[in-house]
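Heads up: the structure comes next, in structure tokens.
The values are calculated or read from the model by the stated rules, or taken from the named source; none is laboratory data. Everything quoted here is computed from the prediction, not taken from an experiment. Every residue, glycine among them, receives a Cβ derived from its backbone with ideal geometry; neighbour counts consider all protein chains shown.
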């Protein structure tokens, strides 16, 4: 694995740097309408309930930022039941796989 060739300090720096790049990317794609801190706070609150191995329902409240994140990321999870299969597809899409 790539991270095994780095020291713990370099690995920590790399992870922090990549996190910052992702947040800045989101900020830019959201047209700088939301701060990095606001985006991070919202992402922390976007939780789901696992319904008896059938799927997931959102536990967060829909607002301007969640709508914008759904648009930028290309999927909607805020108002419907999401089956296990749909969630796996969303996860694959978020990792750049089809």
Single condition residue 24 does not satisfy, out of (1) part of a helix (DSSP H, G or I); (2) surrounded by 15 or more Cβ atoms within 10 Å (Cβ to Cβ): (2)
Of everything in the stretch 66-91, what is assigned to a helix (DSSP H, G or I) and farther than 21 Å from residue 30 by Cβ? Give them in sequence order. 84, 85, 86, 87, 88, 89, 91
For the stretch 40-57, does any single residue satisfy the condition of being closer than 28 Å to residue 84 by Cβ, part of a helix (DSSP H, G or I) and at pLDDT below 90? yes
Inter-residue pairs, beta-carbon under 7 Å, first free of Cβ contacts under 8 Å to residues at least 24 places away in the same chain and at positive phi and in the stretch 69-98, second exposed (fewer than 14 other Cβ atoms within 10 Å of the Cβ) and not in a loop (DSSP other than H, G, I, E, B), 6+ apart: 74/93
